[in-house]
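The values are calculated or read from the model by the stated rules, or taken from the named source; none is laboratory data. Since the model is a prediction, treat every value here as computed from it, not as a measurement. A quick note on method: Cβ atoms are made from the backbone with ideal geometry, for glycine too, and the neighbour counts reach across all protein chains shown. Surface areas here come from the heavy atoms of the whole protein model, side chains and all, with no ligands, DNA or RNA. Shrake-Rupley method; radii C 1.70, N 1.55, O 1.52, S 1.80 Å.
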Amino acid sequence: MYNSKPHQEHDLQRLHQHMLDTRLAVLVSHGEHGLLASHLPVLVEPSEGEFGTVYAHLARANRQWQDLQHGSEAMLVFPGADAYVSPSYYPSKADNPKVVPTWNYLAVHAYGSVDVIHDATPLLDIVSRLTDRHEHGRNLPWSVTDAPTDYVDGMLRAIVGIRMPIARLQGARKLSQNRSEQDIAGVREGLSASADHLDNQLAAHMRQL
């Protein structure tokens, strides 16, 4: 992705935390079936490999796994908070009206080749861990073992697992760093005062600058 220098994020721990906080990622690849994208809940293992490893699963009917199995490079997009930035947030506008709107956002892209998993045992491990992650904290958490074994076996035959060791990571943390401290404060205050909770989320990230 295009990412100007002031907005580049290189801190590996922060990149991993962003990925861990993302509930639904987008898997993008290009191969025999053209350009394909799938929206997937993922498991991120930061300590596995140089940049971490990501696990997920696809429906067997989804042709994307066939391209991945043939060695096509894949990209996982981990979106984050975002907000429209109005020129009215900039105090400097009073002295210099040459300003335009922009958009602040956070995002991480992970790249690598994918191992496609067909065996039932590792597939069961992936879906069980994904379930446990999202059931955690519920009063009565559901477990894969709560379903009949023969039913789970049938469901596993309908999916394939994917394992993507991350070859490189690219992070964008566009939080008005190219503006003056006064303008950054103006954007932060404007988004904090917004009635839109998504604007408030972005403002919270700006407070960590």
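Worth pointing out:
- Qualifying residue in region 35-48 (condition: more than 22 Å from A120 (Cβ to Cβ) and of a type in the set (D, E)): no
- Selection count, region 140-181, where residues are open to solvent by less than 30 Å² (accessible area, probe 1.4 Å) and in a helix (DSSP H, G or I): 4
- For region 1-52, taking the residues that are out of contact with any Gly (no Cβ under 9 Å at 6 or more places or on another chain) and among the basic types (K, R), the one that is nearest to A172 (Cα to Cα) is identified as K5.
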